[in-house]
Amino acid sequence: MKRSRILMLAALAAACSVPALANQRLAENKQCFGCHAVATDGAGPAFKKVATLWRGRKDAEAMLVRTIRQGSSGTGGPHWNKATMPDQAERPLVSQAEAKRLAAWILKQ
Ligand code: HEC
């Protein structure tokens, strides 16, 4: 392997070890940003607003994990407007562990 490629891989590994960035990548890979953005509303609410609504509630992480895996119907939603978040039949699959990472990341926005 060429030296430049090794350096590139090392840089990539370093970037991925920054947790916030890795979680944002995960959200990108799972196409969350097709409907959401961190600071502005799209088809879905801004993650900053979601964080403000749920932060401090004991069940926040569990509820967000349910929405992320099952869509709005998993938590008795919609909670924001009439638009519902689809379940995983229409989105890339998100595992329980990935959903937990995404929920924790969203709550920190
Ligand atoms: C097809 C569009 C779409 C995609 C893709 C999507 N969402 Fe949503 N999401 C929505 C809509 C619409 C809502 C608002 C539903 C509601 O009012 O409960 C929402 C709501 C949410 C909420 C807030 C739930 C609540 O009850 O407050 C979270 C958290 C969330 N989405 C996370 C994600 C994550 C993480 C991903 C990627 C894995 C994702 N969404 C992908 C459309 C989408």
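Here, each number is a calculation from the coordinates, and none is a lab measurement. Everything quoted here is computed from the prediction, not taken from an experiment. Cβ coordinates were reconstructed from backbone atoms using ideal geometry, including for glycine residues, and neighbour counts include every protein chain displayed.
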Filtered hits (aspartates and glutamates, Cα-Cα < 19 Å from Lys30, offset >= 8 within chain) -> Asp41, Glu61, Asp87, Glu90, Glu98
Applied in sequence order to region 52-62, the curve 6.51 cos²θ - 1.76 cosθ + 1.60 (Karplus, θ = phi - 60°) yields integer Hz couplings, x standing for Gly and Pro, of 5, 5, 9, 4, x, 7, 4, 8, 3, 4, 4
Given unit charges at Cβ for Lys, Arg (+) and Asp, Glu (-), the dipole magnitude of region 3-107 about its Cα centre in debye, nearest 20, is 240
Semi-axes of the chain from the Cα gyration tensor (sqrt of 5 times each eigenvalue, largest first, whole Å) come to 29, 14, 13
The helix 19-29 Cα axis meets the longest alpha-carbon principal axis of the chain at an angle in degrees, between 0 and 90 and rounded to 10, of 70
Longest principal axis of the chain (C-alpha) makes with the long axis of helix 3-16 (C-alpha) an angle, in degrees to the nearest 10, of 30
With -39,500 (n - 2.57) per DSSP H segment of 4 or more residues and division by the full residue count of the chain, the 222 nm estimate, nearest 500 deg cm²/dmol, is -15500 deg cm²/dmol
Mean-square fluctuation maximum in Gaussian network of the chain, Cα pairs under 10 Å, restricted to Ala43, Ala99, Ala27, hits Ala43
